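The values are calculated or read from the model by the stated rules, or taken from the named source; none is laboratory data. The shown structure was predicted, so the numbers you read here are calculated from the model rather than taken from an experiment. Please note: Cβ atoms are built from the backbone with ideal geometry, for glycine as well, and neighbour counts cover all protein chains shown. These accessible areas exclude ligands, DNA and RNA; they are computed on the full protein's heavy atoms, side chains included. Shrake-Rupley method; radii C 1.70, N 1.55, O 1.52, S 1.80 Å.
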Amino acid sequence: MSETTRTNEENKLPLNGRRAIPPNYSNDEENEVPEMEAFGLIPRGFNPRDYLRVVDIYMFKEPQEINKQEHHTDKYYNPRLIVRRGQAFQIQIDFNRPYKPETDQFWLEFLMGRYPQQNKGTYIPILVGNVLKPGQWGAKIIHRENNSVRLSIMSSTSCIIGKFRLYVAVLTPFGILRTRRNSATDTYILFNPWCQLDAVYLDDEKEREEYVLNDVGIVFHGSVEDVKSRSWSYGQFEENILDACLFLMDKAELELSGRGNPIKICRVASAVINSRDEDGVIAGSWNNTYDNGVAPSAWTGSVDILLEYYSSKQPVRYGQCWVFAGVFNTFLRCLGIPARLITNYSSAHDNNANLRLDFFLDDEGKVDTRLTKDSVWNYHCWNEAWMTRPDLPVGFGGWQVVDGTPQETSDGMYRCGPASVQAIKHGHVCFQFDAPFVYAEVNGDIFYTRMEKNGTQVVENIDTTRIGQLIVTKKVGSDGMMDITEEYKFREGSDEERLALETAVMYGVKKQSIQDTMYQPQTDVDMDFQAQRAVLGNDFKVTITFRNKSRNSYTATTYLSGNIVFYTGVTKSEFKKHSFSAKLEPSSSNSFDIVIKSSEYMGDLLEQASFHFFVTARINETGKILAVQKAVMLEVPALRIKTKGELVAGKETSVIVEFTNPLKQTLENVTLRLEGPGLLRTIKKQFGRIPMNSTLTWEVKFTPMRPGLRRLIASLNSDALRHVYGELNVQVQKP
């Protein structure tokens, strides 16, 4: 392309008085790079073939070759070169004749986006030198043979991440000769948790294997009294997932120059994972109707969701918190940011971040659902990402909370984080981003407040221990549960806990002190509530126990309210009302059993099969109220998965999924899903109905792609029954 046509092209840039070039936030767009860039008039006899010319470039990009092995990128199902920043990689250039260092000069150019600029890190010229400096761009020749040179190339530890185009440029007296555009030499550069100078450096190899390289994980759900777990396929190495994750940053309009910074990437990603602003990846739905979409409980992993979004560019329906967190985890691990999925049990969702959740009682002591606006989620999932925080004082790096579930706006968008876990623990909620919101999710108090006829509020009971009482994640190297509550808060009642709370209040978290409210609880009577193991479709019993520690006789008017709730603690319907009078003798305990019949709850059951029981008791002699609430999860049957014979990579085999309907009714509109990273792409099958007590059997033929320990994950979804899962670990042999 001649100099004049090139200048004309550049003059056609859209005019904008604010910036010289348009914003540069598409990793996919390209500029045209001239193969011959002349220095002036070219003499008539000039023949580019007389000079050093590149014949071929070899990238060592196969999974078994040196680059992908040393950079821990051999699992990516992607034919291009993928390397991690701040670590050397090798390429070989074949010229038309032997390279002579005395007279020949060539260099490499890495470009990204439509308007590459050196000061933005999107145009990177690399001269060939004698020595590589750690953490800085550079190249040196490590081997010369015949017409070939082998180079070792070092990338910068703060390099932007994404897909770069590679050119080799050769200097001639009359201009620069460049290689043709060749997508086979495109190079992806990712974050490097193995490199000490990288912002995401993690020093423990076992943790890197878990938080960066593990492509399956565990989601803990249920309730604090009844922790349940299920597998989730992250699939960060599957075909096209890396491109889909880079597209998310384009969609979020993150300038290319900002993409070396994990703080910025996490912040924009927490907004683009949900569809509330700018049509992000997943549309949330919490209302038990999932028309024209997939029920959140039916997904078995992130891959289908990301690929559907990447191709349709439209939000994928539907998700709830663990789906947002599962997809966010895939995004982070795929780009090389260490990440884990967190579950906070009894998560406070209060509408004004005042560390106080109000449950209003009527005159009789029953909960008034009309006045009660706050809710306690049985559990809530978010993510933690590992990085340094140079924008905060020393000591607040490490795990950062990021949350893709749309709950509250932050700086005008539905996003949350990154917020330092260490800052949350110590109450330093002044440090960006969104620490007060996360602090309230794990630290609120529940106030039971009675409204008098004249409008005054009387606090009858305060529960300081329920909110955030268990925070967990998957163990490193196993499927067990790791309790990380102490990472978020000091022991309940300790001096440190009080100090952290005072610090948080000083930094603007609103908290009403108990002294401000008229509150004298009944201290000499305890009330406890326990539920027997409850199986879906069966009757079960609950027990209310009073312990009278005083020398007085009391009578307690007791109300039990059983509610079918969404896992967010919001009530759908009350299915059980029961009241009785209890006689409490001095210094003794009394227990009262109540039977919950399946016929009472089956008609209205929601997908997570969870109940919420409120028990309130008024001590008639003193007028004081005792209150307790508890979530009860029904046990749902599991899918059974088995394989036939041994599994060998590249050889067809089959897997069988079975399910027996335990309900006293026929299941309608049954859908099964099966997937396994490295084994098979998601397969879906519709079954019309499963009559009661009958067994469904589904056989799937597939060819495992890769050897090693792999996991099959299945889910069943139907109108009356959801959240049914099964999983199986399988060992795939080498052929």
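Output the residue which, of all residues in segment 258-303 that are hydroxyl-bearing (S, T, Y) and either modelled with pLDDT of 95 or more or not in a helix (DSSP H, G or I) (or both), is farthest from R85 (Cα to Cα). The selected residue is T289. One residue alone among S229, S312 is open to solvent by 10 Å² or more (accessible area, probe 1.4 Å), touching a strand residue (DSSP E or B) at 6+ places or on another chain (Cβ under 6 Å), more than 30 Å from T388 (Cα to Cα) and of a type in the set (S, T, N, Q), and that residue is S229.
Among the residues making up segment 115-134, those that are without any contact (Cβ under 8 Å) to a residue 60 or more places away in the chain and not β-branched (V, I, T) are Q118, N119, Y123, P125, L127, G129, N130, L132, K133.
Within segment 460-506, the set of residues being touching a strand residue (DSSP E or B) at 6+ places or on another chain (Cβ under 9 Å) and among the basic types (K, R) comprises R466, K474, K475, K489. For E486, the criteria (1) of a type outside the set (A, V, I, L, M); (2) surrounded by 22 or more Cβ atoms within 10 Å (Cβ to Cβ); (3) in a helix (DSSP H, G or I) hold in every case but one, which is (2).
For segment 625-644, how many residues meet the condition of being part of a strand (DSSP E or B) and closer than 18 Å to E600 by Cα? Selection size over segment 625-644: 4. The residues on offer are P418, P393, and the sole one that is in contact (Cβ under 8 Å) with a residue 40 or more places away in the chain and either more than 30 Å from L361 (Cβ to Cβ) or not assigned by the TED database to the domain that holds A627 (or both) is P418.
In segment 335-343, the count of residues that are in contact with a Cys (Cβ under 9 Å, 6 or more places away or on another chain), open to solvent by less than 10 Å² (accessible area, probe 1.4 Å), within 30 Å of I462 (Cβ to Cβ) and in the same structural domain as G417 (by the TED database) is one or more. Quick check on segment 357-374. Is at least one of its residues surrounded by fewer than 24 Cβ atoms within 10 Å (Cβ to Cβ), at negative phi, assigned to a strand (DSSP E or B) and at pLDDT 95 or above? No, the conditions are met nowhere in segment 357-374. Among the strands (runs of 3 or more DSSP E) confined to segment 69-154, the ones with at least 3 residues that are loosely packed, with under 15 Cβ neighbours inside 10 Å and over 39 Å from the mean Cα position of the chain (by Cα) are located at 138-145.
Note on segment 667-735: enclosed strands (runs of 3 or more DSSP E) holding 3 or more residues that are at pLDDT 90 or above and open to solvent by 50 Å² or more (accessible area, probe 1.4 Å) are 680-690, 695-702, 724-733. So for segment 610-631 (the condition being in contact with a helix residue (DSSP H, G or I) (Cβ under 9 Å, 6 or more places away or on another chain) and within 30 Å of V700 (Cβ to Cβ)), does at least one residue qualify? Looking for residues that are in contact with a helix residue (DSSP H, G or I) (Cβ under 9 Å, 6 or more places away or on another chain) and within 30 Å of V700 (Cβ to Cβ), one finds none in segment 610-631, hence no.
When the residues of segment 470-479 are filtered to those that are surrounded by 11 or more Cβ atoms within 10 Å (Cβ to Cβ) and not basic (K, R), the one that is nearest to the chain's Cα centre (by Cα) is T473. When segment 265-303 is limited to residues that are more than 17 Å from the chain's Cα centre (by Cα) and of a type in the set (D, E, K, R), the one that is least open to solvent (accessible area, probe 1.4 Å) turns out to be D277. Scanning segment 646-657 for residues that are modelled with pLDDT of 90 or more and open to solvent by 40 Å² or more (accessible area, probe 1.4 Å) gives G650, K651, E652. Can we say V636 is surrounded by 16 or more Cβ atoms within 10 Å (Cβ to Cβ), more than 17 Å from F529 (Cα to Cα) and at pLDDT below 90? Against the criterion (surrounded by 16 or more Cβ atoms within 10 Å (Cβ to Cβ), more than 17 Å from F529 (Cα to Cα) and at pLDDT below 90), V636 qualifies. Taking the numbered list (1) touching a strand residue (DSSP E or B) at 6+ places or on another chain (Cβ under 9 Å); (2) surrounded by fewer than 17 Cβ atoms within 10 Å (Cβ to Cβ) in turn, A609 passes all entries but (2). One residue stands out among those in segment 498-517 that are assigned to a helix (DSSP H, G or I) and either aliphatic (A, V, I, L, M) or surrounded by 16 or more Cβ atoms within 10 Å (Cβ to Cβ) (or both): the one that is modelled with the lowest pLDDT, which is I514. Step by step: first the residues of segment 163-220, then only those that are among the aromatic types (F, W, Y) and assigned to a loop (DSSP other than H, G, I, E, B), then the one that is farthest from the chain's Cα centre (by Cα). Which residue is that? Here the residue is F174. All conditions in (1) open to solvent by less than 20 Å² (accessible area, probe 1.4 Å); (2) closer than 23 Å to K734 by Cβ; (3) polar (S, T, N, Q) hold for T643, with the sole exception of (1). Scanning segment 344-356 for residues that are surrounded by fewer than 23 Cβ atoms within 10 Å (Cβ to Cβ) and of a type outside the set (A, V, I, L, M) turns up H349, D350, N351, N352, N354, R356.
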